[in-house]
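Encoded as structure tokens, the structure appears first; notes follow it.
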Amino acid sequence: MRVEGFEGKAYEVADDLSPPSDYSITGDGSEINGEELFVPPLNFAMVDNGVFRSGFPDSANFSFLKSLGLRSIINLCPETYPEVNNEFLKANGIMLFQFGIDGCKEPFVNIPEETIREALNVVLDVKNHPVLIHCKRGKHRTGCVVGCLRKLQRWCLSSIFDEYQRFAAAKARVSDQRFIERFDISSMKHIPITFSFSK
């Protein structure tokens, strides 16, 4: 099939867009034609040098996570970590820090400030880097931890909220943003004003 494209240039496009006959996907979706796939978890992003965020990773994401060379994972969900995830951590020498924060819907949102502080202390310790912070969808609980980290990095609130809303999208919560705004960083005075993981 011939298709006219940009500036009148013509392109040949295959009529049959089905995969080639030698195309094969493994049962767990981790390989195509023997090539390893690197699939990031939902809402994955780099926060800073050595710090990443995402939704809950599953076995399809393990090759990608392994490529990051993670030393630790911060799980913000209260549920027991799945056995397959624990096996992946053990096989790759990754330490798990679990800070169980219940996933709640507004207006009944209770964000435990002390738990957020404990999670931040793990993030701030470079001995734990590279580190992945995750919750179920990588939106609210993860967004609160990252938002409070941004306050420590002296980001202005409008930039912090822009980042939070980029991940939470239509599910953005006023209560989360209010929590971030009110989070007191004065008790974490051991962080220098110019603090950043970036070199």
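Contact annotation: residue pairs with Cβ atoms under 8 Å, 6 or more positions apart or on different chains, pairing a residue in the stretch 153-177 that is open to solvent by 20 Å² or more (accessible area, probe 1.4 Å) with a partner that is hydrophobic (A, V, I, L, M, F, W, C) and part of a helix (DSSP H, G or I), are L157/I180; F161/I180; Q177/F161. Residues in the stretch 110-129 that are surrounded by 18 or more Cβ atoms within 10 Å (Cβ to Cβ) and part of a loop (DSSP other than H, G, I, E, B) were compared, and the one that is modelled with the highest pLDDT is H129. Taken together, S59, S54, S67 contain a single residue that is among the hydroxyl-bearing types (S, T, Y) and in contact with a strand residue (DSSP E or B) (Cβ under 7 Å, 6 or more places away or on another chain), which is S54.
It is to be established whether one or more residues within the stretch 103-110 are polar (S, T, N, Q) and touching a residue at least 12 places away in the same chain (Cβ under 8 Å).
no
Would you check if L76 is hydrophobic (A, V, I, L, M, F, W, C), at pLDDT 95 or above and either touching a strand residue (DSSP E or B) at 6+ places or on another chain (Cβ under 6 Å) or within 16 Å of K136 (Cβ to Cβ) (or both)? For L76, the condition - hydrophobic (A, V, I, L, M, F, W, C), at pLDDT 95 or above and either touching a strand residue (DSSP E or B) at 6+ places or on another chain (Cβ under 6 Å) or within 16 Å of K136 (Cβ to Cβ) (or both) - is not met. Of all residues in the stretch 25-38, none are under 23 Å from H140 (Cα atoms), modelled with pLDDT of 55 or more and hydrophobic (A, V, I, L, M, F, W, C).
Is it true that some residue in the stretch 63-82 is of a type in the set (F, W, Y), crowded, with 17+ Cβ neighbours inside 10 Å, within 17 Å of N43 (Cβ to Cβ) and under 18 Å from the mean Cα position of the chain (by Cα)? Among the residues of the stretch 63-82, at least one is of a type in the set (F, W, Y), crowded, with 17+ Cβ neighbours inside 10 Å, within 17 Å of N43 (Cβ to Cβ) and under 18 Å from the mean Cα position of the chain (by Cα), which makes the answer yes.
The values are calculated or read from the model by the stated rules, or taken from the named source; none is laboratory data. A quick note: this is a predicted structure, and the numbers were derived from the prediction, not measured. Note that each Cβ is placed from the backbone with ideal geometry, even for glycine, and that neighbours are counted across all protein chains shown. The accessibility values were calculated without ligands, DNA or RNA, using every heavy atom of the protein model including side chains. Shrake-Rupley method; radii C 1.70, N 1.55, O 1.52, S 1.80 Å.
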